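These notes concern the structure reproduced below.
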Amino acid sequence: MQNRNHLLIFILSVGIFGILNTEMGVIGILPSIAEHYNVSISRAGWLVSLFAIAVAVSGPTMPLLFSGINRKKVMLLVLGVFVVGNVVSIFASNFAVALIARVIPAFFHPVYCSLALTVAADSVSEEEAPKAVSKVFIGVSAGMVIGVPIASFLASAASLEVAMIFFAVVNILVFLATLLFIPSMPVKGRQSYGAQLSVLKKAITWVSIAAVILLNSSVFGVYSYLAEYLKTVTNMSSNSISFMLFMYGGANIIGNVVAGRLLTNHAVRSVAALPFVLGAVYIMLFFFGKLSVPVAVMTLIWGIVAGIGGNINQYLMMSAAPEAPDFANGLFLTSANVGTTLGTAVGGLFISAMGTQYVVIAGLLSLILSTAVILLRHYMLTPAQQSVS
């Protein structure tokens, strides 16, 4: 039984990697795409921005619509859609076709991610659920940080089509693994759409949404400009910047492993401490941003803390609406995407107005607001709920 659960969680983690790899890996090949389709780099960027918008829009609705269907069938459907989209992208003759082949799967993205998180939690005891979820989050981190350099390498060493084939192969392998090794998972005691939507009547749900938006904004408001920061403030070379980005990604994966243990044993304290630890990292970056060694140390710590933060964001939503897990995970995905968009926009404003060094202020402002929201959330919970959250 335990071995079967390990295999299940591994397949889910690789599945999440495949889907996030499809989403984020394109960032590494945007110049190749622009050249291949003879479009501007900003227009090629639509492949990223429209994907993110589709995820944010479908986050609360698509997991809800599929919540009553056998989970294995839903996962196969979503993986199948991604495989078809990947294959069409390989042979797309014009940019419009490539864009459609990207956006349609994007609407199904939250369905698989939400299901993967829910199934991982359901596969173990309630006490062990945070650890299971943290293992699936490793796929999220890997998809975000490993897919970009791999796709970029394949496009430069071989061709754009080979990079696209990489996306397709990963999703095909996960589709086959799901088909062969994941058992049928009919939904037991299915809730009506109305019952699931009723969690939106709870104030704690909206406070948790605000917390997730602000916490994700605090991370991506700065991380989105990390390469620019390292280039203009720390004066690092291109190779050093690439190494730092890899190190951040690896640290992010470590953070996911640590988060499982923290949320299992010290959930309330972990949530409360996150803004202060991340704030300390940003303050250190601000004052020592021109020195390579302190920046490298802070980037390592930052990556670990950000990995923990992603798990905490999911935990905040799930603990606010445990009676509707699929819908809660959908809300988490949408809130996280809104936070990423908001943080990136605010960070850009600070860079334009004050200079790249001051982008950390955008992160600090989000952290101050998130601290207030987290305190409010804490006091809204009953003592009984606090003991388990």
For residue 231, counting only lysines whose alpha-carbon sits under 20 Å away and dropping same-chain residues fewer than eight positions off, the answer is 290
The summed charge of the residue 155 Cβ neighbourhood (under 14 Å; Lys/Arg +1, Asp/Glu -1) stands at -2
Per residue, accessible area of the chain with a 1.4 Å probe, heavy atoms of protein chains only, in Å², comes to 43 Å²
Classified through the alpha carbon gyration tensor (a ≥ b ≥ c as square roots of its eigenvalues; rounded if a/c is under 1.5, else prolate when a/b is larger than b/c, else oblate), segment 1-76 comes out oblate
Full extension between residue 232 and residue 358 adds, at 0.36 nm per residue less the Cα distance, a length in nm of 44.2 nm
Residue span residue 378 to residue 188: 0.36 nm per residue of separation minus Cα-Cα distance leaves a gain in nm of 65.2 nm
For the chain, the helices passing both cut-offs (Cα extent along own axis of 20 Å or more, Kyte-Doolittle mean at least 0.5, full DSSP H runs) are 2-24, 71-91, 95-122, 129-145, 160-181, 203-223, 238-265, 267-288, 292-320, 325-354, 359-380
The simple spin-label model distance between residue 4 and residue 69, using points 7 Å out along Cα→Cβ, in nm, is 2.5 nm
Counting only protein heavy atoms with a 1.4 Å probe and every protein chain in place, the carbon and sulfur fraction of the accessible surface of the chain in whole percent equals 71 percent
Whole-Å distance linking the alpha carbon centroid of segment 1-58 with that of segment 297-367 is 19 Å
For segment 43-160 the mean separation of alpha carbon contacts under 8 Å (6+ apart) over residue count, i.e. relative contact order in percent, is 28 percent
Ranked output for segments 76-86, 353-363 by mean other Cβ atoms within 10 Å, highest leading, reads 76-86, 353-363
When the charge dipole of the chain is computed with +1 at the Cβ of Lys and Arg and -1 at the Cβ of Asp and Glu, the Cα pointing farthest to the positive end, of 265, 10, 54, is that of 265
Heads up, the chain by the C-alpha gyration tensor (a ≥ b ≥ c square roots of eigenvalues; a/c under 1.5 rounded, else a/b over b/c prolate, else oblate) looks oblate
Residues of segment 79-120 with backbone N under 16 Å of the label point set 7 Å from the Cα of residue 43 along Cα→Cβ are 93-100
In nm, the gap between the two label points placed 7 Å beyond Cα toward Cβ at residue 103 and residue 161 is 2.6 nm
Here the relative contact order (percent) of segment 242-327, from C-alpha pairs under 8 Å and at least 6 apart, is 49 percent
FRET efficiency (residue 264, residue 180; Cβ distance; R0 30 Å; to 0.05) is 0.45
Burial-style ranking of 273-282, 88-97, average other-beta-carbon count within 10 Å with highest first, yields 273-282, 88-97
Mean Cβ-within-10 Å packing, highest first, puts peptides 140-151, 322-333 in the order 322-333, 140-151
Extension length gain for residue 368 and residue 50 (0.36 nm per residue less Cα distance), in nm, is 111.5 nm
Between residue 91 and residue 126, the FRET efficiency computed from the C-beta separation at R0 = 35 Å comes out, to the nearest 0.05, as 0.15
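The values are calculated or read from the model by the stated rules, or taken from the named source; none is laboratory data. Computed from a predicted model, the values in this text were never measured in an experiment. Glycine also receives a Cβ, built like all others from the backbone with ideal geometry; neighbour counts cover every protein chain displayed. Note: accessible area is taken over every heavy atom of the protein model, side chains too, but ligands, DNA and RNA are not part of it. Shrake-Rupley method; radii C 1.70, N 1.55, O 1.52, S 1.80 Å.
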